[in-house]
Amino acid sequence: MPTRFHGTEAERRALDTYIKLMRAAESVTARLSRGVREAGLTTTQLGVLEALLHLGPMAQCELASKQLKSPANLTTVVDNLERRNLVRRQCDPGDRRRWIVDLTPEGRSLIADFFPGHAAAVTRELSVLTPSEQDRLARLCRKLGLGNADAHPHGPDRGSAPGRTAKESPK
């Protein structure tokens, strides 16, 4: 459904694009979430388990950044995963203020068994696009996600994406 806003052409185009982007993302997410729920996980829990499987143990604050979640929200997610004995937290011996999160054997088994089917489901969902369309969409989403500091005067430090330091450049 296009916007009913009677602004400038640029505003209408941007709003229409935003509506389509959000509807597409929410539609795909809803279809994929069924399998995630059947595994007894939330989407954020899946993201945490997947990050730990593929990237290894990491500080809880790094996990929050990678998941684009607040540290407080991620604490709740990790608490719930820990209660289910899927992850464990250990104090970082080099910095006792940091907690390192790692998979337990049960967590590793769950995500290692679940993830290949999830990857296949994502592949099926995106198969409506050709490989080159998928590549182009990925590039456009990254560009949109990184934003433009000049175009976003509101909010703190819009020039850097969450999880990326000022030293890292977009690829």
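The values are calculated or read from the model by the stated rules, or taken from the named source; none is laboratory data. These numbers come from a predicted model, not from an experiment. As a convention, Cβ positions derive from the backbone with ideal geometry for all residues, glycine included, and neighbour counts pool all protein chains shown.
Quick rundown of the values:
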| quantity | calculated |
| --- | --- |
| Only one of 105, 71, 57, 131 that is out of contact with any strand residue (DSSP E or B) (no Cβ under 8 Å at 6 or more places or on another chain), modelled with pLDDT of 95 or more and under 23 Å from residue 42 (Cα atoms) | 105 |
| Residue among 16, 92 that alone is surrounded by fewer than 16 Cβ atoms within 10 Å (Cβ to Cβ) and more than 30 Å from residue 140 (Cα to Cα) | 92 |
| Residues located in segment 102-144, provided they are farther than 30 Å from residue 85 by Cβ, acidic (Asp, Glu) and either touching a Leu at 6+ places or on another chain (Cβ under 8 Å) or surrounded by 12 or more Cβ atoms within 10 Å (Cβ to Cβ) (or both) | 125 |
| Segment 51-72 residues that are touching a residue at least 60 places away in the same chain (Cβ under 8 Å), paired with ones that are in a helix (DSSP H, G or I) (beta carbon under 7 Å, 6 or more apart) | 53/108; 53/111; 53/112; 53/115; 66/51 |
| Qualifying residue in segment 22-42 (condition: of a type in the set (S, T, N, Q), closer than 21 Å to residue 145 by Cα and in contact (Cβ under 8 Å) with a residue 12 or more places away in the chain) | yes |
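Yes/no matrix, rows are residues, columns are (1) among the hydrophobic types (A, V, I, L, M, F, W, C); (2) outside any helix (DSSP H, G or I); (3) more than 30 Å from residue 140 (Cα to Cα); (4) at pLDDT below 95:
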position	(1), (2), (3), (4)
1	yes, yes, no, yes
28	yes, no, no, no
45	no, no, no, no
65	no, no, no, yes
81	yes, no, yes, no
98	no, yes, yes, yes
111	yes, no, no, no
115	yes, no, no, no
